[in-house]
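Read the figures in this text as sums done on the coordinates, not as results from a lab. Nothing here was measured: the structure is a model prediction, and the numbers come from that model. Backbone-built Cβ (ideal geometry, glycine too); neighbour counts: all protein chains shown.
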Amino acid sequence: MKKSRILSVAVGTAVALGFSASALATNGYQLIGIGQYAVGMAGAVVAAPDDPLSAAMSNPAGLAFLTPQAAFSAEIFNPVRKTNLGFGEIGSHSNVYGIPAIGWVAPAFAKNWVFGGGVYGTSGLGVNYLQNLGSMGYAQAFSSITFMQMAPSVAWKVNDRLAVGASLNIAAEQASFQQTFTQYFPTGLAAPYPSAVPVTGGINLSSPSWAYGVGATLGVLYKVNDKVTVGATYKSPILFTPLTWQAGAQNGPGGITGNAGQYSGHLNYPQQVALGLAIRPIPQWLISVEGQWINWRATMNDFTLYGPWNGASYVQLPMHWSNQWVANIGTQYDVNNWLQVRAGYTWGSNPISNADTGSNLLFPGIVQNAVTVGATQKLGMGWKLTEAYMHAFANTITGGVSPYQQPGQTLMTPSATLSENSFGLQVGYDF
């Protein structure tokens, strides 16, 4: 295989890795819920927000029906990732991440108006792969992305049944990634390569870069009666400033090379729509269902990397994500005055097809089925404690041709596998 082909495909997989690294979640790279109440309900909270985090992040209209309160959540996230480039299955060395979140709601400037919001962050995301390619050499892949969002929100309780709300989504993201291929050269190779000295090339944008973005969420919540509530939200795209890196020479797709200088690219967050229905068959039992549509195709179809490329001003790195449909169902039961228990299930269509496995090998957001359980204990004097556990079942995609396929070699079919676990603890206080 020519070195340029190996390096160019390595670039494509690196970008798919580096910018789906926040895919530490079940819906592409979006968490199923923010806060442990939302996680325990499997994200089905658009029609049943119950704390500042689930309201501000899923449906800001829900803030209008909450009493003044605050909540802090801490979650440990454990994705297990494996990939096969055609030379045996390997796993990532980074498998544990922390996810903090804080939310609040308080009276605002007029009667029936409230101000609230939340801040959440996902830190330490990414992978660290080292793939031995036998006599060809080895591939090294590293990525890290941090996504943080602040959502100041207002909500208006129009009457006892109807509320509307809006959030301003202020976001920051940090990203760095490296995908390099080291090729072994045989002894006796002519200059400039010394005898038996390996040569390394590829993409190395490992200096962290920050970008900042803004978007909005609009929500409505309507209580049809004491038993039925409906909710809906629209989240606009979050448009970010470009990520920029000062970097040395690069090897791009199709054999394109780049000189030392500044490289940049945009990674925006997709728009989405959610509709929910909450039913209380009896006062102490809640059933909530929700459907979501996430416009991944608009942000994850291709990644355009601008820079001092030779013969071009940019290169496009294909990922070919499709839009995603998500269905969530959660249930909660009030055991007594101080204990609530809940459970849920979520399913999402796979945004990555088998045919695109080779372009998304290193960190695909491909899990489709997850179950959750959770509980809340009301401790008295306004304090409450909430826990949740999530397990996303392993899913594997297989197809296409390995990015390290060598001409004349037996066809190698790439594959990628992902499963997830998380456990979180949340402390709340009613003022």
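What number comes out for the charge environment of P107, summing +1 per Lys or Arg and -1 per Asp or Glu over other residues with Cβ under 14 Å away? That works out to +1. Of the residues N112, N350, V427, the one whose Cα sits farthest towards the positive end of the charge dipole of the range 3-430 is N112 (charges of +1 on Lys and Arg Cβ, -1 on Asp and Glu Cβ, taken about the Cα centre). The alpha-carbon of K384 sits under 13 angstrom from the alpha-carbons of these aspartates and glutamates, leaving out residues fewer than 8 places away in its chain: D50, D51, D430. Electrostatic tally near Q377: other residues with Cβ closer than 13 Å to its Cβ, Lys and Arg +1, Asp and Glu -1, net +1. Think of the chain as having a plus end and a minus end, set by charges on the Cβ of Lys, Arg, Asp and Glu; of A74, A101, T229, T229 sits farthest toward the positive end of this dipole.
For the range 3-430, the relative contact order comes to 20 percent (Cα pairs under 8 Å, sequence separation of at least 6). Would you please state the base-10 log of I(q)/I(0) at q = 0.07, 0.14 1/Å for the chain, with intensities from the Debye formula using one equal scatterer on every alpha carbon? Debye curve over Cα of the chain, log10 I(q)/I(0) at q = 0.07, 0.14 Å⁻¹: -0.37, -1.17. Of all stretches in the chain that contain no trypsin sites (Lys or Arg not before Pro) in a DSSP loop with at most 14 other Cβ atoms within 10 Å, the longest one is 228-431. Share of pairwise Cα-Cα distances greater than 19 Å in the range 239-296 is 62 percent (whole percent).
Hand me the chymotrypsin sites (Phe, Trp or Tyr not before Pro) from the range 81-116 located in a DSSP loop with no more than 11 other Cβ atoms within 10 Å, in residue order please. Passing sites in the range 81-116 are F109. Ordering A163, Q149, I34 by Cα displacement along the dipole of the range 3-430 toward the positive end leaves A163 in first place; charges were set at the Cβ atoms of Lys, Arg (+1) and Asp, Glu (-1). The angle between the Cα long axis of helix 3-19 and the main principal axis of the chain comes to about 10°, on a 0 to 90 degree scale.
Only Lys, Arg, Asp and Glu carry charge here, each on its Cβ (+1 for the first two, -1 for the last two); on that basis the range 3-430 has a dipole of about 260 debye about its Cα centre.
Considering only the other residues whose Cβ falls under 11 Å of the Cβ of V230, what net charge follows from Lys and Arg at +1 and Asp and Glu at -1? Here the charged neighbours net out to +1.
The equivalent ellipsoid that matches the C-alpha gyration tensor of the range 38-120 spans semi-axes of 38, 13, 9 angstrom, in descending order.
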